[in-house]
1. Could you list, in sequence order, all residues of the stretch 501-543 that are β-branched (Val, Ile, Thr) and either within 16 Å of ligand 2 (Cβ to nearest atom) or touching a strand residue (DSSP E or B) at 6+ places or on another chain (Cβ under 8 Å) (or both)?
2. Go through the stretch 355-375 and give me each residue that's farther than 18 Å from Thr386 by Cα and buried (at least 19 other Cβ atoms within 10 Å of the Cβ).
3. Against the definition (exposed (fewer than 12 other Cβ atoms within 10 Å of the Cβ) and in the same structural domain as Val439 (by TED's automatic domain parsing)), how does Pro580 come out, yes or no?
4. Every residue in the stretch 176-219 that is within 16 Å of ligand 3 (Cβ to nearest atom), part of a loop (DSSP other than H, G, I, E, B) and either in contact with a strand residue (DSSP E or B) (Cβ under 6 Å, 6 or more places away or on another chain) or at pLDDT below 95 (or both), please.
5. Would you call Pro139 touching a helix residue (DSSP H, G or I) at 6+ places or on another chain (Cβ under 7 Å) and within 20 Å of Pro388 (Cβ to Cβ)?
6. When residues of the stretch 153-197 are filtered for being more than 30 Å from Val103 (Cα to Cα) and in contact (Cβ under 8 Å) with a residue 24 or more places away in the chain, how many remain?
7. List every residue pair whose Cβ atoms sit under 6 Å apart, with the two residues 6 or more apart in sequence or on different chains, where the first one lies in the stretch 452-470 and is closer than 21 Å to Pro94 by Cα and the second, anywhere, is basic (Lys, Arg).
8. When the stretch 411-454 is examined, which residues are found to be more than 20 Å from Leu590 (Cβ to Cβ) and β-branched (Val, Ile, Thr)?
Amino acid sequence: MNIPTNNQKLIKWVKEIEEMCTPDNVVWIDGTKAEYDRMIKIMVDSGIAIPLKKRSNSYLFRSDASDVARVENRTFIASKSKEEAGPTNNWIDPVELKIVMKVLLKGCMKGRSMYVIPFSMGPIGSPIAKIGIEITDSPYVVANMYIMARVGTKVLRVLGDEGEFIPCLHSVGKPLEQGQSDGGQWPCAPIEKKYISHFPEERMIWSYGSGYGGNALLGKKCLALRIASVQARDEEWLAEHMLILKITNPSGKSKYVAAAFPSACGKTNLAMLIPTIPGWKVETVGDDISWMKYGADGRLYAINPEAGFFGVAPGTSMSSNPNAMRSIEKNSIFTNVALTEDGDIWWEGIGYDAPGKLIDWTGKPWVQDKSNKEQKPAAHPNSRFTAPASQCPSIASNWEDPAGVPIDAILFGGRRPSTIPLVHQARSWNHGVFMGSIVGSEVTAATLDVKAGIIRRDPFAMLPFCGYHMGDYFDHWIKVGASSKPDKQPKFFFVNWFRKSKDGNWLWPGFGDNSRVLKWIFERCDGKGKALETPIGYMPTVDAIDRPASVSAEDMKELLSLDKEGWKKELADVRAEHYPKFGSRLPKELLSELEAIEKQLG
Ligand code: GTP
Ligand code: SPV
Ligand code: MN
């Protein structure tokens with residue numbers, strides 16, 4: 001076989017893995033469209049991919065019912081010491097973990113091809129980009145990586161003979177006996193055999209037993225967040241679970257916003273929004289991950305390390321997110337959505353009733369029954385689309401600029417039915433870090449093994465993605481602030497699109513109307529925008545945000561008012577339950593911020 005690199009370290013590692021996993025053959029991924037088509041053909045022929053007649057070059061996949069989302073309980077940070085992984089991560093001693101995993105990995109690719117995917121997170125050759133090599137036995141992963149990252153020979157060229165890469169090993173964990181096939185079924189291992197393992201000191205990833213999303217597309221959460229967060233700490237930059245957008249006002253002035261919301265809490269939607277206020281424009285730089293570094297001018301610059309969107313399908317419609325709908329018109333992969341009779345996709349919240357009989361995400365016939373409130377959804381709540389970012393009508397012309405874009409505002413948010421107002425602004429960098437540290441949200445379907453609906457703290461939306469001690473992560477943020485000048489720093493805001501009324505309806509329409517809040521944020525960054533100083537920070541005056549016609553004056557007042565009693569409870573929980581988890585590693589600056597707000601609330 002022709003090995004397309006002279007990088008000895010890479011050749012040696014691939015050989016080692018081949019010997020351990022004993023695949024039938026090894027395929028080096030070149031990143032061409034012809035190769036992508038070959039991958040798809042393998043999967044169509046084996047019955048795992050269903051071509052969608054209504055969408056050119058697009059395919060539907062149905063995963064195993066045990067393999068539909070990230071598995072946090074099976075995700076491990078195997079740093080040398082448990083203390084280093086911290087209280088929010090699952091830790092196993094790396095030596096022990098390797099022994100356990102090697103038993104599973106031995107012969108695990110039997111009967112399958114082993115694909116070697118060179119990939120770049122970030123524009124190829126950008127000084128901020130990182131190179132990874134994913135070895136996988138899943139053609140589904142190869143096809144998704146083709147869309148989500150820059151892959152193939154061009155990456156090997158930049159890597160060169162001596163270049164450094166992050167080794168990422170992935171197996172679905174289902175070796176095949178002689179003559180055995182998957183029989184059209186999604187291959188994976190049972191839950192207790194799944195291991196999504198990170199070795200932060202070695203900068204290495206081993207993922208076994210899952211073929212889904214962030215468990216398997218290792219450039220995304222595993223590399224670009226868990227491993228990169230450790231590198232960022234050591235190299236004085238930031239690797240964050242944040243969308244990046246560009247917003248332009250009617251007179252043509254632009255600003256850049258990064259926003260951290262927990263999984264399935266609205267990043268993709270905010271990144272692609274179409275403003276409902278005339279003259280304003282929003283463009284997309286990224287929808288999930290942001291890598292940020294200080295530039296020579298002292299400002300914080302962000303790049304989107306990804307090349308595609310792995311977006312939540314349910315709720316995506318021509319009214320909620322037309323830019324996403326247009327991004328997925330062609331060349332897209334759909335996983336666990338429903339199939340229509342004429343060969344198109346459908347999901348709950350797509351904006352129209354199910355057109356006739358469907359096949360649901362489990363492969364069974366499904367007929368919509370709107371009178372049955374208990375009917376199981378046709379699409380899995382964490383069903384997803386994979387689409388090239390370049391197909392997004394709102395993609396910013398400079399989204400691949402290797403230098404990144406200068407960030408003016410950083411937003412935090414989550415699903416909070418009460419207490420947290422529509423928007424408030426931090427007084428300072430450290431107050432902003434405090435805001436990030438206390439982010440809480442109702443858990444969504446993006447996580448398999450934590451009950452959806454309960455509110456949990458998800459600091460910086462990084463709870464499942466920080467590769468080291470979260471207390472040290474807070475401290476890193478404080479230090480990054482201390483090393484920059486206040487007039488160059490982004491301003492921090494906390495938003496909440498998810499307030500509910502007593503009868504359980506959304507108080508705020510969300511989606512395109514979120515532009516009204518972005519407008520105020522833009523104005524605040526411009527030294528304008530009417531605000532009141534309150535114990536929790538600056539809040540807009542009731543007339544500072546244009547009220548949508550669908551929101552009553554009374555509801556608007558509620559959205560923008562300070563719920564003193566609610567906040568007292570919130571802070572009591574932070575003090576008694578949340579902060580103590582971090583022990584002596586909790587930065588004292590955060591305690592001071594907490595104290596200051598407590599005092600002002602009385
Ligand atoms: P990950 O890809 O898991 O990181 O998710 P995400 O943060 O990108 O979330 P996404 O934008 O995909 O939104 C998830 C769900 O929230 C979808 O069903 C959306 O329709 C819904 N959603 C997004 N924005 C809003 C909003 O402003 N209001 C309401 N009510 N729902 C929203
Ligand atoms: C998330 O869960 O935050 C996602 C989806 O973006 S996954 O890639 O599966 O992590
Ligand atoms: Mn995400």
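The values are calculated or read from the model by the stated rules, or taken from the named source; none is laboratory data. Bear in mind that the values here come from a model prediction, so they are computed numbers and not experimental data. Heads up, the Cβs are rebuilt from the backbone with ideal geometry, glycines too, and the neighbour counts pull from every protein chain shown.
1. First, the residues of the stretch 501-543 that are β-branched (Val, Ile, Thr): 517, 521, 534, 536, 541-542.
Scanning the stretch 501-543 gives Val517, Ile521, Thr534, Ile536, Thr541.
2. Within the stretch 355-375, Leu358, Asp360, Trp366 qualify.
3. yes
4. Hit for the stretch 176-219 is Leu218, nothing else.
5. Values: touching a helix residue (DSSP H, G or I) at 6+ places or on another chain (Cβ under 7 Å): yes; within 20 Å of Pro388 (Cβ to Cβ): yes.
Yes: the conditions hold for Pro139.
6. Taking the stretch 153-197 and keeping what is more than 30 Å from Val103 (Cα to Cα), we get 153-163.
If we keep only those that are in contact (Cβ under 8 Å) with a residue 24 or more places away in the chain too, we end up with 153-156, 158-163.
Number of matching residues: 10.
7. Partner pairs satisfying both residue conditions: Phe465/Lys221; Phe465/Arg226; Gly467/Arg226; His469/Arg585.
8. Val423, Val443, Thr444, Thr447, Val450, Ile454 - these are the residues of the stretch 411-454 that are more than 20 Å from Leu590 (Cβ to Cβ) and β-branched (Val, Ile, Thr).
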